[in-house]
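Comments concern the structure below.
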Amino acid sequence: MKYVPYYYQKYALDFILNQKAAGIFLDCGLGKTVITLTAIAELMHNRFEIARPLVIAPLRVAESIWDVEAKKWDHLKHLRIAKVLGSKEER
């Protein structure tokens, strides 16, 4: 699916890309994941500013949301997501 960001999503993306550190505080369902994944893709593959980003997320989000969102959007399908979940022994 082609990603066409809403104005506030573009604003949040630009904010992330132009700060040394940033956080986005949006309500559920407003695109925090796609905004963040888009920023990661831009910083990794176009700007070459990061190589292996680490995302810390709530368990449910880490288990199911990130990889589904990455597969959903055309511009993110190339991202590889490795989950680090479970106890020390399970990892």
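The values are calculated or read from the model by the stated rules, or taken from the named source; none is laboratory data. Because the structure is predicted, anything quoted here is derived from the model rather than measured. Ideal geometry is used to build each Cβ from the backbone, glycine not excepted, and the neighbour counts take in all protein chains shown.
Of note:
- Which numbered condition V84 fails, given (1) touching a residue at least 24 places away in the same chain (Cβ under 8 Å); (2) assigned to a loop (DSSP other than H, G, I, E, B): (1)
- Taken together, the residues in segment 1-60 that are of a type in the set (S, T, N, Q) and surrounded by fewer than 10 Cβ atoms within 10 Å (Cβ to Cβ) amount to 3.
- R52 vs. criteria at pLDDT below 95 and either β-branched (V, I, T) or not in a loop (DSSP other than H, G, I, E, B) (or both): no
- Qualifying residue in segment 64-76 (condition: of a type outside the set (D, E), part of a loop (DSSP other than H, G, I, E, B) and surrounded by 10 or more Cβ atoms within 10 Å (Cβ to Cβ)): yes
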